[in-house]
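Data block below; observations after.
The values are calculated or read from the model by the stated rules, or taken from the named source; none is laboratory data. Since this is a predicted model, take the numbers as computed values, not measurements. Positions of Cβ are generated from backbone atoms using ideal geometry, with glycine treated the same way; all protein chains shown enter the neighbour counts.
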Amino acid sequence: MEIKQLPTHPKARLADQLLLVRPAHFSSNPETAQDNAFQQEVPAGAEDKVQQKALDEFNQFLLKLWAARIDVLVLDDPEEPATPDAIFPNNWISFHKGGKVVLYPMYSPTRHLERHPDIFRQMKEEHGLPFTEIIDLTYFEEQGKFLESTGSMVLDREHRLAYACLSNRTHVEPLQVFCDKLNYRPIVFHATDQDGLPIYHTNVIMCIGADFALVCLEAIQDEEEQGVLLEALVDTGKEIIDLSLAQVKKMAGNMLHARNKSGEPVLIMSEKAYKALRKDQFEELNSRTKMVRADLRTIEAHGGGSARCMLAEVFV
């Protein structure tokens with residue numbers, strides 16, 4: 001039997017190491033539920049059951065990533081203080097070439113606690129991550145302005161573009177500071193769901209791959225903004241795979257393209273997102289990359305985020 005060889009995309013800036021945080025107190029956060037339409041409240045008395053289900057899903061997700069030969073660092077969420085969203089580290093930190101690390105201002109006060117000293121200790125002492133420069137943008141929290149890392153921004157690291165839809169969690173001022181300090185160009189737009197409410201994070205409607213882009217154009221009502229976004233994608237050689245808002249609701253935009261230990265591209269997603277793809281979309285992606293999926297239904301329902309939200313890319 002002939003084995004299909006997928007492209008390795010040697011020039012594309014895909015992470016070859018990912019970071020996960022194992023949850024200690026996963027739950028629905030009422031602060032983030034205010035503007036996260038994907039999130040559902042945990043029923044009274046079901047807190048322990050939901051935490052265990054989330055932990056089981058986390059562990060199965062990790063096994064799926066290991067089976068795909070993806071290099072994963074695992075940190076343990078400290079027992080105290082309780083942080084219900086710690087499973088989503090991609091909102092408070094990002095890693096960049098040369099050991100640069102950026103810390104971000106987050107909308108929910110309870111999420112500020114995720115920047116715990118023990119997490120940094122695990123990164124440095126247990127995993128040897130070098131922090132040559134820390135770019136701290138958390139001072140924007142005092143101004144009521146936020147930028148939740150690679151939730152707020154979908155980065156094209158190869159072409160130095162930062163795609164961002166504005167919302168309560170994504171403001172222009174910290175975005176511009178990020179772009180100035182790391183030499184990115186911002187591509188800013190507005191996006192709304194079926195009810196006309198702002199999309200809370202860019203990474204639920206958009207994923208930048210090595211040679212493709214998943215994006216929900218239906219969510220971007222302003223024709224000029226949509227045109228600027230499309231021009232940037234075309235100019236950087238991305239095959240555009242248009243998602244519907246119905247697919248976005250099933251987390252089809254919340255994917256991450258990474259590289260495994262063999263240098264092969266792997267597209268990471270949840271089972272719900274995988275099942276939301278149309279046949280033509282699946283065939284297009286399958287011709288370009290391997291795919292790995294995991295059942296994350298509890299994490300999606302009560303955390304309001306999916307596979308991409310759980311992953312911080314490590315570039316050192």
**OP:** Taking Pro84 as meeting all but one of (1) exposed (fewer than 13 other Cβ atoms within 10 Å of the Cβ); (2) in contact with a Phe, Trp or Tyr (Cβ under 8 Å, 6 or more places away or on another chain), write down the number of the exception.
**Re:** (1)
Original post:
Does Gly237 fit the bill of being within 18 Å of Leu155 (Cβ to Cβ) and in a loop (DSSP other than H, G, I, E, B)?
Top reply: yes
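Kindly establish whether Ala213 is assigned to a loop (DSSP other than H, G, I, E, B), at pLDDT 95 or above and surrounded by 22 or more Cβ atoms within 10 Å (Cβ to Cβ). First the steps, then the outcome.
Working: assigned to a loop (DSSP other than H, G, I, E, B): no; at pLDDT 95 or above: yes; surrounded by 22 or more Cβ atoms within 10 Å (Cβ to Cβ): yes.
So Ala213 fails the test.
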Subject >> Residues (of a type in the set (Ser, Thr, Tyr) and part of a loop (DSSP other than H, G, I, E, B)) located in the stretch 16-50 >> reply: Ser27, Ser28
Original post:
Of all residues in the stretch 86-104, how many are in contact with a Ser or Thr (Cβ under 9 Å, 6 or more places away or on another chain) and not in a loop (DSSP other than H, G, I, E, B)?
Top reply: 9
**OP:** Have a look at Tyr163, Tyr184 and point out the one that is among the aromatic types (Phe, Trp, Tyr) and touching a Lys or Arg at 6+ places or on another chain (Cβ under 7 Å).
**Re:** Tyr184
Subject >> Yes/no for Glu300 being of a type in the set (D, E, K, R) and under 22 Å from Gly151 (Cβ atoms) >> reply: yes
Original post:
Given the structure, is Glu300 outside any loop (DSSP other than H, G, I, E, B), at pLDDT 95 or above, out of contact with any His (no Cβ under 8 Å at 6 or more places or on another chain) and crowded, with 21+ Cβ neighbours inside 10 Å?
Top reply: yes
Subject >> First in the stretch 183-195 and of a type in the set (Phe, Trp, Tyr), second anywhere and assigned to a loop (DSSP other than H, G, I, E, B), Cβ under 6 Å, 6 or more apart >> reply: Tyr184/Arg160; Phe189/Ile220
**OP:** Considering every residue within the stretch 15-37, establish whether at least one is touching a strand residue (DSSP E or B) at 6+ places or on another chain (Cβ under 8 Å), within 17 Å of Ala294 (Cβ to Cβ) and without any contact (Cβ under 8 Å) to a residue 12 or more places away in the chain.
**Re:** no
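Test Glu218 against the criterion of being within 27 Å of Val266 (Cα to Cα) and assigned to a helix (DSSP H, G or I), and give yes or no. Working first, answer last.
Numbers: within 27 Å of Val266 (Cα to Cα): yes; assigned to a helix (DSSP H, G or I): yes.
Yes; evaluated as a whole, the condition is true for this residue.
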Original post:
Pro186 is checked against (1) of a type outside the set (Asp, Glu); (2) surrounded by fewer than 22 Cβ atoms within 10 Å (Cβ to Cβ); (3) under 28 Å from Thr32 (Cα atoms); (4) over 18 Å from the mean Cα position of the chain (by Cα) and fails just one. What number does that condition carry?
Top reply: (4)
Original post:
Leu197: in contact with an Asp or Glu (Cβ under 9 Å, 6 or more places away or on another chain) and among the hydrophobic types (A, V, I, L, M, F, W, C), yes or no?
Top reply: yes
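Consider Gly263 carefully, then state whether it is surrounded by 16 or more Cβ atoms within 10 Å (Cβ to Cβ) and either of a type in the set (Lys, Arg) or under 30 Å from Val21 (Cα atoms) (or both). Walk me through it before giving the result.
Details: surrounded by 16 or more Cβ atoms within 10 Å (Cβ to Cβ): no; either of a type in the set (Lys, Arg) or under 30 Å from Val21 (Cα atoms) (or both): yes.
No: the conditions fail for Gly263.
So is Val234 surrounded by 17 or more Cβ atoms within 10 Å (Cβ to Cβ) and farther than 30 Å from Phe120 by Cβ or not?
On the way: surrounded by 17 or more Cβ atoms within 10 Å (Cβ to Cβ): no; farther than 30 Å from Phe120 by Cβ: yes.
Here the answer is no, as Val234 does not meet what is asked.
Going by the structure shown, is Thr110 surrounded by 19 or more Cβ atoms within 10 Å (Cβ to Cβ) and at pLDDT 90 or above?
Values: surrounded by 19 or more Cβ atoms within 10 Å (Cβ to Cβ): no; at pLDDT 90 or above: yes.
No.
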